Amino acid sequence: MRNIWTIAQREVKAYFTGPVGYVVMSCWILFAGLIFYLILGSPSASADMEPLFRNCTILLIMVLPLLTMRLLAGERGGDQGVGTIELLLTSPITEWQLVLGKYLASMLYMCSLVLVSGIYAVAFRVLGKPDVGKIIGGYVGFLFFSGYVLALGLFFSSLTNSQIVAAVTTIVSSLALWLISFFKDNPSKSLQFLAWFSMLGHHEDFWRGVISLQEVVWYCSAIYFLLFASKLMVASSRWR
């Protein structure tokens, strides 16, 4: 556990001492602030954060890969990487510790984004009487949705030496997994089955304040699968 925390601390510090962390934070504040402003300016405005949760998911897909693109790809020599993957693999840490440490760092940074956006929940609370259950469910859903995208980004970062390739493939894959949710009402059983793999389809209940055990298990299973795949790719680096 100490090794995991040491790796996580190093990566969190890198987020707040480099430009990427501030770019992501700025994009998050500006976009969420714009959505908040549009909600309040709507003729039918109500103290409901569901529109904020719905619209911010697409932003998460676009900016979260910036957090993961360097986590493993950056340890190699390409795209301004530091080339320390060999040193890490020969140090007294396991592949799981390396992967979990990197993933924990990205999740801790994501928690800082959630905390910053808490100002909007407070504002809704002051301006009206929002459904507290929907707010809690929405933020829990944010964490699971973000955890999925971050795990996906970490996996693609483990596949390549290029941080740019890792970011682009994560964004494209996340968008594809987001879009296939529209197949859920298709009469084709095969397309409905394909839609089951969409993280958006499993995210909608959280917006409504419903924290379903089935959806929690789905996200946890998907995240574990992606982290395990990342661990296998890191292990394979020993033999390259």
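Can you pull the one-decimal nm distance between simple spin-label points at Phe228 and Asn3, each 7 Å off the Cα toward Cβ?
Going from the Phe228 label point to the Asn3 one covers 2.0 nm.
For Phe182 paired with Tyr22, estimate the spin-label separation in nm (one decimal), with each label point 7 Å from Cα along the Cα-to-Cβ line.
Taking the simple label geometry, Phe182 and Tyr22 are separated by 3.8 nm.
Would you list which lysines come within 28 Å of Lys231, measuring only between C-alpha atoms, while excluding same-chain residues fewer than 8 positions from it?
Within the straight-line limit of under 28 Å, Lys231 reaches these lysines: Lys13, Lys102.
Could you give the C-alpha radius of gyration of the stretch 124-229 expressed as a fraction of 2.2 N^0.38 Å, taking N as the number of residues it contains?
This ratio for the stretch 124-229 stands at 1.22.
Rank by packing, highest mean first: peptides 138-144, 155-161, 194-200, 111-117, with packing defined as the count of other Cβ atoms within 10 Å averaged across residues.
155-161, 138-144, 194-200, 111-117
Consider the candidate values (i) -0.71, -1.15; (ii) -0.75, -1.45; (iii) -0.84, -1.25; state which one is log10 I(q)/I(0) by the Debye sum over Cα atoms at q = 0.12, 0.16 Å⁻¹ computed from the structure displayed.
Entry (i).
Of all accessible surface on the chain at a 1.4 Å probe, what whole percent is carbon and sulfur?
With neighbouring chains kept in place, the figure for the chain is 71 percent.
Starting from the 7 Å offset along Cα-to-Cβ, what nm value, one decimal, do you get for the label separation of Lys129 and Leu175?
Going from the Lys129 label point to the Leu175 one covers 4.3 nm.
Please state the relative contact order of the chain as a whole percent: Cα pairs under 8 Å, 6+ residues apart?
In percent, rounded to a whole number, it is 25.
Hey, can you find the accessible area per residue of the chain for me, probe 1.4 Å, expressed in square angstrom?
Counting only protein heavy atoms, the per-residue value for the chain is 49 Å².
Give the cross-link partners of Lys134 among the lysines, using a straight C-alpha distance below 28 Å as the criterion and excluding same-chain residues fewer than 8 apart.
Hits, sequence-local ones excluded: Lys184.
What residue among Ser190, Asn3, Tyr120 has its Cα farthest toward the positive end of the dipole of the stretch 2-236, where the charges are +1 on Lys, Arg and -1 on Asp, Glu, each on the Cβ?
So the residue furthest toward the plus end is Asn3.
The values are calculated or read from the model by the stated rules, or taken from the named source; none is laboratory data. Note that the structure is a prediction, hence the values are computed from the model and not measured. We place every Cβ from the backbone using ideal geometry, glycine too, and count neighbours over all the protein chains shown. Side chains are part of the model used for accessible areas, which takes the heavy atoms of the whole protein and leaves out ligands, DNA and RNA. Shrake-Rupley method; radii C 1.70, N 1.55, O 1.52, S 1.80 Å.
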